[in-house]
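To keep things clear, I will list the structure first and then write my remarks on it.
The values are calculated or read from the model by the stated rules, or taken from the named source; none is laboratory data. This one's a predicted model, so the numbers in the text were calculated from it and none came from an experiment. For neighbour counting, all protein chains shown are included, and Cβ atoms are generated from backbone atoms with ideal geometry for every residue, glycine included. Keep in mind that these areas ignore ligands, DNA and RNA; they rest on the heavy atoms of the full protein, side chains included. Shrake-Rupley method; radii C 1.70, N 1.55, O 1.52, S 1.80 Å.
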Amino acid sequence: MKVFKIASALLLGLLSLLGSFSIKPTPASAEENYNYVKHELRAVWIATVTNIDWPSKKGLPIDQQKQEFIKLLDDVKNMGMNAVVVQIKPTADAFYPSKYGPWSEYLTGTQGMDPGYDPLAFMIEEAHKRNLEFHAWFNPYRITMNHKDLTRLSADHPARQHPEWVEAYGNQLYYNPGIPEARKFIIDGIIEVVKNYDIDAVHMDDYFYPYKIEGVEFPDQEEYEKYGQLFTNIGDWRRDNVNQLVRDINLAIKNEKSYVKFGISPFGVWRNIANDPTGSDTTAGQTNYDDLYADTREWIQRGYIDYITPQIYWNIGFEPAAYDILADWWVKETINRPIHLYIGQAAYKINNNAVPAWSDPEEYVRQINLNHKYDTIKGSMHFSLKDLNRNPLGIKDRLANDLYRYPALVPSMPWLDHTAPKKPKLRDAKRTGGGIELTIEDHQLNSDTAYYVIYRFEGTKRGSINNAANILTTVRKTGRTQTFIDDLVEPGQTYTYVVTAVDRLHNESDFNRSITIK
């Protein structure tokens, strides 16, 4: 995060599955014009580097680490979110047992020390219990945060075993993106997680080549001379190195598990209009293309990623890089392509920035409402959870009680899967001492149902399942028969229920029948 500072032909051939979109702002729901969006990613970043979000500090007992994370997930759920993006490899180390990196120091305080459990397995299990998507967040190249001494790394650190892959820049160490063996090592480390864990997505943020230090060149001239014979300048070669990494990560993920998504959250500006007439009308000091060597447009056009989340960390109307100008630019880049556009939102700036707009309690709300005016913008990611939990200017309350008042389903990706599960059976509903108990059955062989959506309507008339306001909750599937108790009912009130089934890529079935309870 800057705050801290299968093939493409197949994908493009499935464009017809996406439907048509309009570049102009349009009502958010293509189904019916309701006030609340039914299909919307609502995600939050949970950063572990330097213990930003979790664990609260190094070396906590296992039970306390677990209790803290469960509390964070409950906070996420209570705000109406449906996904978490958890940093599991912050500095070439790991929050899980790995052949490609030592245990993270942010767990125990000592890099390489076994914490005594598998945090990643625990986190995924708890997220899925709450029907939250789990996006596994990797930082591909960064090795250290504030030093460049290889000997300070754990003895088993791959960077110590392969010092020829490592470069120092500023006060940090990085794997060199120009070395093919280093790129393969990074990809293999990501696929280790895809193979061994039930993640929903692989996620990377804005750290590719490091943010430039004025007057200091990244030290890769030797590698350019060795590997860059096909390129007339070092910038194009660097961009190709990153393009190869992104392309090959996606192919490797899909070869292992076709349903695991791959998304990247780049810096918010591809190029300024002064450098490229097709760039955004901005004057950003650094850009993806020219400074980080991350050609985000290339990834979009070639179908290398399933979602892109530009970090538009500026307010509406901000002259050098306005939120509204950039949102519109990214819409035009992604429209009618097999990719989801989400927006990275700067929760950390709320009431915590010199620009007056960030002291306005309506600024963040206006940004999200602006997103809702575009069909092409499919949701938001918020940086980061600790900032939302501070509730600056009441934003946590606004999300829970207003913007995210009703549940939303993560939007489906028809280029990955466009077939809905078969309808589940709502077998029974009855009043109990705790509320109304629903019994759901799904005895179909090879069912790919991941969760159920429970709709509740007041009275005997069944309303529309396209209206998000009718969603009571979503419930993770736990077996062929399971019960759910609606404990938010009023005595004497009549309710009608329907239940649909949704697969892990969020294709939703129709319902089997409705049941009314008086």
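Using the Cβ-Cβ distance between residue 488 and residue 352 with R0 set to 45 Å, the FRET efficiency works out to roughly 0.80.
Kirkwood hydrodynamic radius (Cα pairs, Å) of the range 97-164? Intermediate results must be reported in sequence, preceding the final value.
Numbers: mean 1/r = 0.0724 Å⁻¹.
Averaging 1/r across every pair of different Cα atoms and inverting gives 13.8 Å.
Leaving out ligands, DNA and RNA, what percent of the accessible area of the chain is carbon and sulfur, probe 1.4 Å? Present the calculation step by step, with values, prior to reporting the outcome.
Values: 9640 of 20470 Å².
Summing carbon and sulfur atoms, their accessible area is 47 percent of the total for the chain.
Note on the range 245-294: Cα convex hull, mean projected area over all directions, 4.1 nm².
Rank these by accessible area, largest first, 1.4 Å probe: 54, 103. It would help to have the intermediate numbers written out before the result.
Values: 54 0, 103 30 Å².
Ranking 54, 103 by accessible area, largest first, yields 103, 54.
Taking 7 Å steps out from each Cα toward its Cβ at residue 427 and residue 458 produces label points 3.2 nm apart.
Report the FRET efficiency, 1/(1 + (r/R0)^6), for residue 129 and residue 184, where r is their Cβ-Cβ distance and R0 is 41 Å, rounded to 0.05. Walk me through the numbers before you get to the answer.
Numbers: r = 35 Å, r/R0 = 0.86.
After rounding to 0.05, the efficiency reads 0.70.
Dipole magnitude for the range 83-127: about 160 debye, using +1 per Lys or Arg Cβ and -1 per Asp or Glu Cβ, origin at the Cα centre. Extending 7 Å from Cα along the Cβ direction at residue 476 and again at residue 359 yields two label points whose distance is 4.4 nm. Could you tell me whether the range 223-321 comes out rounded, prolate or oblate from its Cα gyration tensor? Rule is a ≥ b ≥ c as square roots of the eigenvalues, rounded for a/c under 1.5, then prolate if a/b exceeds b/c, otherwise oblate. In terms of gyration-tensor shape, oblate. List the aspartates and glutamates whose Cα lies under 20 Å from the Cα of residue 226, skipping any in the same chain that are fewer than 8 positions away. Straight-line reach from residue 226, under 20 Å: 164, 167, 181, 217, 236, 240. Would you mind pulling out the separation of the Cα centroids of the range 160-201 and the range 476-518, in Å? That distance is 44 Å. Rounded to the nearest 0.05, the FRET efficiency derived from the C-beta distance between residue 114 and residue 256 at R0 = 22 Å is 0.25. Dividing the convex hull volume of the alpha-carbon atoms in the chain by its residue count gives 153 Å³ per residue.
Please report the projected area of the range 400-518's Cα convex hull averaged over all directions, in nm². Intermediate values should be presented prior to the final figure.
Numbers: hull surface 31.2 nm².
So the Cα hull casts an average projection of 7.8 nm².
Inter-label distance, residue 417 to residue 227: 3.5 nm, where each label sits 7 Å from its Cα along the C-beta direction. Taking all protein chains as shown and a probe of 1.4 angstrom, residue 476 keeps an accessible surface of around 50 Å².
With K and R counted +1 and D and E -1, the other residues having a Cβ less than 9 Å from that of residue 100 yield a net charge of 0. Solvent-free Debye calculation, one equal scatterer per alpha-carbon of the range 56-203: log10 I(q)/I(0) at 0.11, 0.12, 0.14, 0.20 Å⁻¹ equals -0.44, -0.52, -0.69, -1.24.
Report, in deg cm²/dmol and to the nearest 500, the calculated mean residue ellipticity at 222 nm for the chain, where each DSSP H run with n ≥ 4 adds -39500 (n - 2.57) and the sum is divided by the residue count. Provide the component values of the computation, followed by the final result.
Numbers: 13 runs with 126 residues, N = 518.
About -7000 deg cm²/dmol.
What accessible area per residue, rounded to a whole number of Å², is obtained for the range 376-518 using a probe radius of 1.4 Å?
Numbers: 6190 Å² over 143 residues.
Heavy-atom SASA per residue in the range 376-518 reads 43 Å².
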